[in-house]
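Visitor: Would you mind keeping the following structure in view while I ask a few things?
Every number here is computed from the coordinates shown, using simple stated rules; none is lab data. Just so you know, these numbers come straight off a predicted model, no measurement behind them. Every residue, glycine as well, gets a Cβ built from its backbone with ideal geometry; the counts of neighbours run over all protein chains shown.
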Amino acid sequence: MSRSVNSPKAAAARLRDVDSEALQRVVHNAADITLVLDGAGVVLEVNAQDKELLQAGARDWRGLTWAETVAPETRDKVAEMLQEARNERGTPTRWRQVNQLLADGTDFPVLYSVALLVDDARSAAKRRLIALGRDQRPTMAMQRRLVEAQQAVERDYWRFREAETRYRKLFQTSTDAVLIVDGTSSKILEANPAAIALVRPAGGRIVGLGLPALFEPAAADPVQALLASARSVGKHQPLTVMLAGGGPVSVHATFVRQDESAFTIVRLAPMAAAAVPGPQAPAAPRKGSAPHSNGAPRGDGTLLASFMRASADALAFTDSQGRIVAVNRAFATLAQLSSEDEARGESLDRWLGRPGVELDMLITNLRQEGSLGLYATELRGEYGAVSEVEISASRLEGAGDAVYSFAVRDIGRRLRPEGSKPGPQLPASVHQLTELVGRVPLKQIVAETSDLIEQLSIEAALKLSRNNRALAAQLLGLSRQSLYVKLRRFGLGEAGAGAEDD
């Protein structure tokens with residue numbers, strides 16, 4: 001193919017018959033921002049796909065030089081692109097990113113390429129250049145979200161590494177003999193130095209052996225029964241048995257779930273020989289106390305029961321007093337319980353963020369309205385882990401003792417909305433108080449800030465309690481009368497009126 005076919009002159013010849021208005025529409029639609037400039041770089045016309053951008057001050061660029069409409073650090077790029085466009089005479093310049101300024105002083109990134117449209121060597125004012133821009137804000141927002149996601153993963157990684165380091169240190173230095181046993185095969189996965197020294201195995205190796213192999217043959221069945229008891233109900237009586245070729249030990253077992261895997265932590269405590277009874281199997285769980293297929297309510301054959309067992313959200317069913325009747329495996333994992341049965345009979349308040357307040361508030365709202373959605377709080381695990389959660393609850397009709405159901409969703413791993421930061425956010429009105437510095441005394445600023453925070457806290461408590469003033473006073477740690485005084489002070493409704501205090 002000859003060079004002339006691809007030359008700008010040949011391309012221009014093909015476009016001579018194209019309607020100029022149609023060509024203008026194509027150019028404007030092909031770019032997010034289009035600037036028409038004269039030979040001196042003065043902006044003659046501005047077109048933007050985003051109409052809000054024009055309202056934010058992009059129209060004010062007309063009559064200014066292009067360099068005046070961009071951030072100072074990118075003005076050199078503008079000058080270079082204009083010079084390149086004049087020298088190349090029709091060939092678009094390479095894409096360069098500059099920061100365009102708006103009327104409020106903010107800037108945003110735009111990727112530009114400039115081309116010379118009309119060349120008049122005699123008059124720079126008659127020259128026409130066009131700058132085609134691609135708005136980089138969506139790309140920058142995506143990059144920020146990616147960085148936030150990477151940072152969240154990195155934080156989680158280092159938190160897990162630190163937790164693993166603490167666990168390893170404790171495991172290796174503990175004077176108690178501790179074994180980590182596979183919950184399915186009963187094979188020993190890990191043993192600390194104290195356990196190896198106590199058992200003194202032939203060849204010095206414990207890992208890979210079945211746990212019953214460490215004891216006398218007569219203890220095999222009681223040890224297996226101990227592991228089954230720990231796996232089913234999470235609670236058991238210690239078992240006293242004889243080590244193979246050694247002395248008597250007391251065996252304690254704790255069942256732990258991790259994702260889809262299950263483990264048993266076994267602790268061996270040496271005992272005096274005179275205190276050793278014959279091996280006894282742990283008491284079998286009472287009839288009816290074992291979980292119904294991992295804590296599901298009756299009717300395991302139904303789709304609803306299957307959903308409860310397999311749900312990724314933590315589910316709990318309580319009686320009218322908030323005492324747990326059944327939970328699923330996800331709830332046991334979130335609450336750091338070894339089995340679902342450990343939660344039975346306990347108050348849900350044991351794991352909620354504000355003991356003695358939140359459960360009463362949830363149940364009160366359920367009695368009044370029948371359902372509650374997206375209530376944000378915290379859930380505390382048995383070993384100190386705290387998770388940010390959202391709770392949706394409803395009152396069940398004709399379900400016997402299980403009159404309330406709670407769906408708990410862990411939201412701690414969610415990415416925060418763009419521009420937000422972890423922790424409590426100050427309202428705009430508080431930011432405005434900083435403008436008073438230097439105008440009014442510090443004592444007055446502190447007083448105004450204190451009043452504002454107090455008002456916002458009361459509004460938040462009323463919102464959380466669905467305008468139940470008695471529960472709002474509990475949340476704030478105030479007497480009901482003190483809350484009424486503050487409500488009147490801030491003009492937050494008619495204090496004490498209505499049935500919502502009941």
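Visitor: If you stretched the chain out fully between T165 and D182, how much longer would it get, using 0.36 nm times the residue separation minus the C-alpha to C-alpha distance?
Guide: Residue separation times 0.36 nm, minus the Cα-Cα distance, leaves 4.0 nm.
Visitor: Does the stretch 63-167 come out rounded, prolate or oblate, given a ≥ b ≥ c as the square roots of the eigenvalues of its C-alpha gyration tensor, rounded meaning a/c under 1.5 and, failing that, prolate meaning a/b above b/c?
Guide: prolate
Visitor: Please list 3J(HN,Hα) in residue order for the stretch 403-408, calculated via the Karplus relation 6.51 cos²θ - 1.76 cosθ + 1.60 where θ = phi - 60°; whole Hz, with x for glycine and proline.
Guide: The phi angles translate into 8, 10, 10, 10, 9, 10 Hz.
Visitor: Step through the residues of the stretch 454-463 one at a time and calculate ³J(HN,Hα) from phi using the Karplus curve (6.51 cos²θ - 1.76 cosθ + 1.60, θ = phi - 60°), rounding each to whole Hz and writing x for Gly and Pro.
Guide: For the stretch 454-463, the Karplus-derived couplings read 4, 5, 5, 5, 5, 4, 5, 5, 5, 5 Hz, x marking Gly and Pro.
Visitor: Also, I was wondering about something else. Which one of A393, L352, Y383 has its Cα pushed farthest toward the positive end of the charge dipole of the stretch 303-410, where Lys and Arg give +1 and Asp and Glu give -1 at the Cβ?
Guide: A393
Visitor: If you don't mind, there's one more thing I want to ask. Going by how many other beta carbons lie within 10 Å of each one, how would you line up R155, R59, fewest first? Could the numbers behind the result be given before it?
Guide: Details: R155 10, R59 14.
The most exposed by this proxy come first: R155, R59.
Visitor: What are the ³J(HN,Hα) couplings of the stretch 166-179, residue after residue, when phi is run through the Karplus curve with 6.51, -1.76, 1.60 and θ = phi - 60°? Round to Hz, x for glycine and proline.
Guide: Result, rounded to whole Hz: 4, 4, 4, 5, 5, 5, 6, 9, 5, 7, 7, 7, 10, 10.
Visitor: Follow-up question, since we're still on this one. Students often check this: by mean Cβ neighbours within 10 Å, which of 126-136, 477-487, 367-377 ranks highest, and how do the rest follow?
Guide: Per-residue mean Cβ counts within 10 Å order the peptides as 126-136, 477-487, 367-377.
Visitor: Can you sort V42, V178 by how many other beta carbons sit within 10 Å, fewest first?
Guide: Fewest to most other Cβ atoms nearby, the residues stand as V42, V178.
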